[in-house]
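The values are calculated or read from the model by the stated rules, or taken from the named source; none is laboratory data. All figures in this text were calculated on a predicted structure; none of them were measured in a lab. Glycine also receives a Cβ, built like all others from the backbone with ideal geometry; neighbour counts cover every protein chain displayed.
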Amino acid sequence: MTSANLNFTQRRKIKSNLVDVTIKERNDDFIRVALHMDSKALSSVEGYRLVLDAFDRGQHERKVISNPADQDFDFDLFPIDANLRFKIRQVSSGIDTGRVIAATADIRPVEAEGQIERKPFIVPEIEDLGGLPWQIVWEGDIANPKLVLNSRLSEHFGSWHHPALQALYLPSMVRDLLSGIIARHESLEDLDEDTLGSRIIEFCRVSFDPAMPSTPFHGKSEIDDEWLKWIEECVVSFSETKWRNGKSLMDQMLESGS
């Protein structure tokens with residue numbers, strides 16, 4: 001059963017601060033992951049099973065959790081340098097088998113030893129935009145728009161990686177990027193796999209809980225409510241995801257002291 005088959009109606013949010021996911025080992029055969037959950041994270045009166053889903057570049061592997069307090073898992077479908085994301089789901093095993101009772105936001109694991117260098121998904125170019133903090137330029141190949149951050153902001157914060165700056169511009173940039181791609185194309189089939197447009201939509205599809213609408217984009221017209229709702233839910237999930245050091249964008253911003 002894949003994440004696309006699940007019904008997320010009335011699901012409860014599992015607080016990410018009650019969950020720890022750590023990558024203990026990487027080798028050519030598997031990636032070993034340690035999971036620890038606080039018992040307060042789970043509460044349900046109905047029968048359920050608990051699963052740990054791992055994602056990377058369109059691949060998905062699922063493990064059943066038998067001991068949430070302390071359990072290791074070996075994932076063998078991913079390359080050694082996989083940029084893994086995880087999600088824990090509490091899935092009904094009763095009458096509504098497969099219905100998600102509760103789920104975490106996307107979780108970025110902590111590396112137990114060392115860090116593997118990975119290219120961030122969104123990499124803005126730095127330019128002088130005057131009074132604009134950031135901009136998406138749709139000229140030319142609209143499936144590969146140009147993402148631009150104001151050089152004044154980059155200089156002020158010291159880097160576009162600064163947590164306070166990223167918390168302010170990344171969620172809005174994701175929203176406008178998704179909206180712009182969907183508004184400018186007829187359907188997913190119009191997007192080549194190696195384009196930014198295709199990658200951002202696939203990233204959201206496999207990373208976040210909202211089921212992607214099955215209707216066409218209806219490009220060059222207003223976006224219908226089903227797609228608008230999906231975009232907003234993806235932005236919320238993106239903002240809640242633990243991206244760095246097991247913390248969300250907001251947590252990182254507040255801890256930066258800015």
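Being part of a strand (DSSP E or B), in contact with a Leu (Cβ under 8 Å, 6 or more places away or on another chain) and either within 17 Å of residue 202 (Cα to Cα) or modelled with pLDDT of 85 or more (or both) is a description that applies to residue 73. If we scan the range 51-68, do we find a residue that is on the phi < 0 side of the Ramachandran plot, touching a residue at least 40 places away in the same chain (Cβ under 8 Å), part of a loop (DSSP other than H, G, I, E, B) and not acidic (Asp, Glu)? For the range 51-68, residues on the phi < 0 side of the Ramachandran plot, touching a residue at least 40 places away in the same chain (Cβ under 8 Å), part of a loop (DSSP other than H, G, I, E, B) and not acidic (Asp, Glu): absent. Residue 122 meets the conditions (1) surrounded by fewer than 20 Cβ atoms within 10 Å (Cβ to Cβ); (2) part of a loop (DSSP other than H, G, I, E, B); (3) over 17 Å from the mean Cα position of the chain (by Cα) in every case but one. The failed one is (3).
With respect to (1) out of contact with any helix residue (DSSP H, G or I) (no Cβ under 8 Å at 6 or more places or on another chain); (2) of a type outside the set (D, E, K, R); (3) modelled with pLDDT under 85; (4) part of a helix (DSSP H, G or I), the lone exception for residue 214 is condition (4). In the range 159-182, is there at least one residue being surrounded by fewer than 20 Cβ atoms within 10 Å (Cβ to Cβ), farther than 21 Å from residue 239 by Cα and among the small types (Gly, Ala, Ser)? Among the residues of the range 159-182, not one is surrounded by fewer than 20 Cβ atoms within 10 Å (Cβ to Cβ), farther than 21 Å from residue 239 by Cα and among the small types (Gly, Ala, Ser), which makes the answer no.
Of the residues making up the range 162-189, those that are in a loop (DSSP other than H, G, I, E, B) and either free of Cβ contacts under 8 Å to residues at least 40 places away in the same chain or not assigned by TED's automatic domain parsing to the domain that holds residue 243 (or both) are 186, 187.
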